[in-house]
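*Asks:* Take a look at this one; I'll ask things after.
Just so it is clear, none of the values below were taken in a lab; they were calculated from the coordinates. Owing to the predicted nature of the structure, the values given are computational and were not obtained by experimental measurement. FYI the Cβ positions are ideal-geometry reconstructions off the backbone, even for glycines, and counts take in every protein chain you see.
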Amino acid sequence: MGAYSFVSGGKRYPLLKCNACAESPPLKSNLGITQELERISAYLKPKEIVSCPNEACDNHTVPLGTKKAYRSFGTTKGGAPRYQCAKCHKTFSIPKPTQYQHDTHHNQMIFKMLVNKVPLNRIVAMLGISWEVLYNRIDFIHRQCIAFAADREAKLKDMPMKRLYLSLDRQEHVVNWTERHDKRNVILSCIASADNTSGYVFGIHPNFDATVDRDAVEADALANGDIALPSPHRKYAHLWLTDDYAVTASKSARKKPFAGTLTRQIEEAYADSANRDDVEMFDIKTKDQKLPDYGMQVHAEYTLIAHFHFLKHLLGKVEKWRIFMDQDSGIRSAFLSAFINEVKAHAAEGFYVHVAKNLNVDEKRVLLNQSHREFKQFMDQHPGFTENEAKLHILKQRIANMREIGQWKDRWVQHPLPNMGEAEKSMCWLTQHAEFDEDHIAMLYNKASLHAVDAFFEKVRRRISMLERPMHSASNEWRTWSGYSAYKPGQVVKMLEIFRVVHNYIDTRKTSGISTTPAMRLGLAQAPMDYGDVIYFRQLSTVCKHFNG
C-alpha cells in the first residue's frame with residue numbers, strides 16, 4: 001500500500017487520505033497554484049532591455065548602463081534623456097515617466113494625500129483637478145511604485161539572510177455596492193508577510209485578478225464542462241465561478257468573531273476549521289456578499305499557497321526560516337506544502353500565534369499590569385536572574401506544562417510577558433522536533449510574534465481613506481457601506497501596493513536616534529526615499545523611443 005489513497009469527502013469533493021495517520025487533506029490544483037504564483041510575482045519578471053536600436057550593431061544586445069558602451073547625448077525637446085551608442089553612434093532616448101501628462105506639479109501632492117488619509121473627493125476639491133485626472137494619476141503612481149519595488153526587490157534573491165523572523169496574517173477589505181437594488185459587498189482577503197526585525201513587508205496579495213475576463217472564463221467553464229468536475233480537476237480551479245458562489249452562499253451564514261477567553265478563542269478557531277467542508281477554505285461566501293462585476297476573485301487558499309511559494313522565489317538565500325502565522329488550518333497547510341523540504345531539514349520552523357483581538361486600551365492595560373505584577377514577583381523570588389533569563393525560565397516552565405487544544409492536538413503556550421500590541425498571546429510550535437535544546441526552544445517561543453505584519457495592517461487602516469475599517473449598520477441588516485470605501489476591487493489592490501512601497505522606503509522611525517526605513521534596516525536602501533524618488537523613477541529596462549542620429 002502506498003503512502004496515500006484517494007477517498008471521497010462528498011459530491012465532487014475528493015480527498016487525499018494518509019494511510020499512516022488517517023488524516024484526509026483536501027486536494028488542490030497545481031495548475032491553479034502555478035497560475036496564481038505567476039500573477040502575484042509578475043512584477044518581478046525581467047523587462048525588455050534598453051540597448052542600441054541598430055540591429056546590426058554589436059551593442060544591440062548590450063544593456064544601457066554598460067560601461068563605455070553608451071554616452072549621454074543631451075535631451076529631447078520633451079526633456080527625456082538621450083543617449084548615443086559608442087559603436088554605431090545611433091541615438092535613442094528614455095521616455096520620462098510623466099510623458100503625455102499635463103499639470104505634473106500635482107503628482108507628488110496627490111501621492112502624499114492618497115497615503116495620508118485624504119478622501120478622493122477632497123483631493124479633487126483641494127487641487128482643483130478632475131476625477132479623470134485623479135484616477136489617471138493613481139494608475140501612474142501605482143505603475144511607478146510597482147516598477148520601483150521590482151527594481152529594488154530583484155536584489156533580494158541574492159541577498160544572504162542567516163535568520164528571517166517572518167510574521168504572516170490576513171486582512172479583509174470591503175468594497176461598496178454600486179446599485180441600490182443589490183446591497184451586497186465584495187470582500188477581498190489579503191495575505192501579507194513582514195520581517196519582524198526590519199519591518200519590511202515582502203508582499204501583500206489580495207485574492208483578486210483584474211486582468212481576467214469574467215464573462216469569457218464563465219463561458220469557457222460552461223462549454224468545457226469545468227463546472228461538473230471536482231474543483232481541483234478544473235481548468236479554472238483557482239477562480240471563483242458563479243456556480244461556486246451559488247453553492248456556498250446558499251448554506252453559509254455570517255461568521256461571528258471569536259469571543260471569550262484566549263483559550264476559548266483558540267478552541268473556536270479549531271472548531272470553525274473542522275466545520276468547513278474544506279478545512280483549508282476560509283473565504284466562504286454568504287448571501288450578503290457577491291462576486292466582483294469585473295475581473296475575478298481567486299479562491300483565497302490559492303492566493304495563500306502562492307504567497308508562501310512567492311516568498312521562497314523572492315528570498316533565495318535564507319538559511320533559517322522562522323515563520324509566525326495567524327491560527328488557521330489553511331495557513332498551516334499552505335506553509336507546509338511550500339516549505340516541506342525546509343521543514344524536514346529543520347531549516348524552517350512554523351508557529352501559530354493567536355493574539356486576543358478587539359481589546360480596548362483599558363483591557364490591555366489591565367492584562368499588562370497583571371502580567372507585570374506576576375513577573376515582578378518571580379524576579380523578587382529569583383534575584384540572580386536577569387529579566388531575559390527570568391522570561392525564558394518562565395517560558396520553559398510553561399512549555400513543560402503546555403496543553404493540547406483542538407482536533408490535531410496542537411500544544412499551546414501562553415506568553416508570560418506580553419506588550420500593548422499583543423496584550424494576551426499564545427503560541428503553538430507546528431514543526432515541533434527534538435533537535436533543539438530547551439533554551440533554544442524557549443527563545444523561539446519568545447520570538448513568536450505577529451507585530452510587524454499587524455503594525456502594517458494598522459497603518460493601512462489609519463492612512464488609506466478608502467481602506468479604513470467600515471461601520472456596520474443594524475438598520476441595514478448589518479451590511480457594510482462607507483462613503484470613503486472603494487467601489488472597485490482593483491482600486492483596493494492598487495492602494496495596497498502603493499502603500500507597501502511608502503511603508504518600506506519612505507516612512508521612517510527613529511532607531512538609536514537615527515531615522516531609518518524598513519528598506520534601510522533590511523539592507524535594500526542607504527537612505528530614506530521621498531515621494532519624488534518613486535514618482536520619477538526610471539527603469540532602464542522599459543522600452544525606449546528611438547531617434548535617428
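*Asks:* Suppose every Lys and Arg Cβ carries +1 and every Asp and Glu Cβ carries -1, with no other charges. What dipole size does the stretch 205-355 come out with about its Cα centre, to the nearest 20 debye? Don't jump to the answer; show the numbers that get you there.
*Replies:* Values: 18 positive and 23 negative charges, 93 e Å.
Rounded to the nearest 20 debye, it is 440 debye.
*Asks:* Would you kindly state how much longer the chain becomes between residue 242 and residue 385 on full extension, computed as 0.36 nm times their sequence separation minus their alpha carbon distance, in nm to one decimal? Please report the intermediate quantities before stating the final value.
*Replies:* Values: separation 143, 0.36 × 143 = 51.48 nm, distance 6.15 nm.
Taking 0.36 nm per residue and subtracting the Cα distance, the gain is 45.3 nm.
*Asks:* I want to verify the translational diffusion coefficient of the stretch 1-125 in µm²/s; compute it with Stokes-Einstein, Rh as the Kirkwood radius over Cα pairs, at 20 °C and 1.002 mPa s.
*Replies:* Details: Rh = 21.1 Å.
Rounded, D is 102 µm²/s.
*Asks:* Any chance you could run the full-extension gain for residue 163 through residue 365? It's 0.36 nm times the residue separation minus the Cα-Cα distance, nm to one decimal.
*Replies:* 69.5 nm
*Asks:* I need the GluC sites (Glu not before Pro) found in the stretch 386-439, filtered to DSSP loop residues with at most 12 other beta carbons within 10 Å of theirs.
*Replies:* Working: sites: 387, 389, 404, 422, 424, 435, 438; in loops: 422, 424, 435.
Here the sparse-neighbourhood loop sites are 435.
*Asks:* Can you pull the three principal axis extents for the Cα set of the chain, in Å, largest first?
*Replies:* 79, 66, 58
*Asks:* Starting from the Cα gyration tensor of the stretch 293-376, take the square roots of the eigenvalues, sort them a ≥ b ≥ c, and report rounded, prolate or oblate (rounded when a/c is under 1.5, otherwise prolate if a/b is larger than b/c, else oblate).
*Replies:* Oblate is the answer for the stretch 293-376, as a/c is 1.5 or above yet b/c matches or exceeds a/b.
*Asks:* Counting other beta carbons within 10 Å of each residue's own, what order do 238, 106 fall into, fewest first?
*Replies:* Numbers: 238 29, 106 18.
The fewest-first ordering by Cβ neighbours comes to 106, 238.
*Asks:* Follow-up question, since we're still on this one. Assuming a ≥ b ≥ c are the square roots of the Cα gyration tensor eigenvalues, decide whether the stretch 247-401 counts as rounded (a/c under 1.5), prolate (otherwise, with a/b larger than b/c) or oblate.
*Replies:* It comes out oblate by the Cα gyration axes.
*Asks:* Positive end of the dipole of the chain, charges at C-beta (+1 Lys, Arg; -1 Asp, Glu), about the Cα centre: which of 41, 464, 361 has its Cα farthest in that direction?
*Replies:* Sorting the options by dipole projection puts first 464.
*Asks:* Calculate for the chain the 222 nm mean residue ellipticity that helices alone would give, adding -39,500 (n - 2.57) per DSSP H run of length 4 or more and normalising by residue count, nearest 500 deg cm²/dmol.
*Replies:* For the chain, the value works out to -11000 deg cm²/dmol.
*Asks:* Then there's this: Shape verdict for the stretch 3-76, please, from the Cα gyration tensor: rounded (a/c under 1.5), prolate (a/b greater than b/c) or oblate.
*Replies:* prolate
*Asks:* Order by neighbour count: 191, 146, fewest other Cβ atoms within 10 Å first, most last.
*Replies:* Ascending Cβ contact count within 10 Å gives the list 146, 191.
*Asks:* How many angstrom lie between the Cα centre of the stretch 341-355 and the Cα centre of the stretch 363-386?
*Replies:* Centre-to-centre distance over Cα atoms comes out at 30 Å.
*Asks:* Further, regarding this structure: About the Cα centre of the chain, how large is the charge dipole given +1 on each Lys and Arg Cβ and -1 on each Asp and Glu Cβ? Please answer in debye to the nearest 20.
*Replies:* Using only the charged Cβ atoms, the result is roughly 1420 debye.
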